[in-house]
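Report on one structure; see the data block that follows.
Throughout, read-outs are computed from the coordinates displayed, never taken from laboratory work. Being a predicted model, the structure only gives us computed values, none of them experimental. Cβ atoms come from the backbone with ideal geometry, glycine included; neighbour counts cover every protein chain shown.
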Amino acid sequence: MGTPEQIIRERLTQAAPPPIESMTGEFRRQFGDAVSAVVFYGSCLRKGDPTDGIVDLYVIVSSYADAYERISDRLLATVLPPTVGYKELDTDSGRIRAKYAVISVRDFRRGTGGQWFHPYLWGRFAQPCLLTYSRTPEDRELVVACMARAAETLIRRTVALAPAVVDGLALWRSALELSYATELRPESTGRVDDLVAANADFYLQLSRALASRLGLVETGGGSTDSPLFGIRTTFRRVAVTRLAWAVRRVTGKLLSPLRWLKAAATFDGGLDYAAWKLERHTGQKVEIPEKVRRRPWLHVWGELWRLYRRGVLK
């Protein structure tokens, strides 16, 4: 059994598909020397076909001042990171469509290391990813360390709500479900089951590697494929943890539409992309009213409430 950093490094540094390498090259041309690293994650990574759907990439930059020329872009990036964009590229394997998020090294380190109250980053990067580019070995190790802290932060902030004896994979399922519930998402809870099942060996290794840091004790029950861990906690810790996640759910669902509005301003077709994603995950038709297109900051709130009432958003 290795350390969390060793487990994550082994997974993170596997070869990326050629279309993803091509898209990574586009980001390096777009942002130049500001790019410290590029990370590929999400459903297209799990499915193994980057041409089926829209791939998710994080572009980690040295600073927003290095990445953007316009003061307004730097300000938006600083106030509500990350800044989301959309790019298409024709490759030998077909057309690849990418939603990418630009974040500074400073914000990436803070967001995955638990300095952010909301799990926007430490929830996402507790998932398997691929590092498609790192400028230097130091940048690569920065991403490894940040992802290890993200995984540790996610479990540390959820473990008090787990049963006294918990299955190693159930621990991650419940933690990721709590994280997913803090955002307005079209995905069903079954997406978490799929994520954990597809990466069971990765999560079991992490459970064992993090056990000593988090006070988990492997009980010897269960099986090698599904070990059991004993958890010691207190009534106060359970209460504080419940309250913290209740606050995260409220604040997260308020932040989600703000991030969407920002995305609508930072790339063409942002509203259409959001509608496409909702339709893809729910099977329900989503129309963007003309008034929302004209004045999204004013009218999108009523539309989001309508979608929530329909069950398109959760």
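Residue by residue through region 25-30, what is 3J(HN,Hα) from phi via Karplus (6.51 cos²θ - 1.76 cosθ + 1.60, θ = phi - 60°)? Round to whole Hz and write x for glycine and proline.
x, 5, 5, 5, 6, 5
Separation between the residue 218 and residue 242 pseudo-spin-labels, each 7 Å from Cα along Cα→Cβ, expressed in nm?
With each label placed 7 Å out from Cα toward Cβ, I get 3.2 nm.
Got a sec to turn the phi values of region 88-100 into Karplus ³J(HN,Hα) couplings, 6.51 cos²θ - 1.76 cosθ + 1.60 with θ = phi - 60°, whole Hz, x for Gly and Pro?
My calculation for region 88-100 gives 10, 8, 8, 10, 4, 8, x, 6, 10, 10, 10, 9, 10 Hz in order.
Treat the count of other C-beta atoms within 10 Å as a stand-in for reagent exposure and order 285, 253 from fewest to most.
Exposure proxy ranking, most exposed first: 285, 253.
Hey, can you grab everything whose amide H is under 5 Å from the amide H of residue 83? Only 5+ residues off in sequence or another chain; H modelled, so Pro and N-termini drop out.
Amide H neighbours of residue 83: 102.
May I ask you to evaluate 6.51 cos²θ - 1.76 cosθ + 1.60, the Karplus curve with θ = phi - 60°, for each residue of region 65-82 and list the ³J(HN,Hα) values in order in whole Hz, giving x for glycine and proline?
Each residue's phi maps through the Karplus curve to give 5, 6, 7, 10, 7, 7, 4, 4, 5, 5, 5, 4, 5, 6, 6, 9, x, x Hz.
Longer than 21 Å from Cα to Cα, which of 99/262; 47/99; 87/253 are they? Say none if no pair is.
Checking Cα-Cα distances, 87/253 exceed 21 Å.
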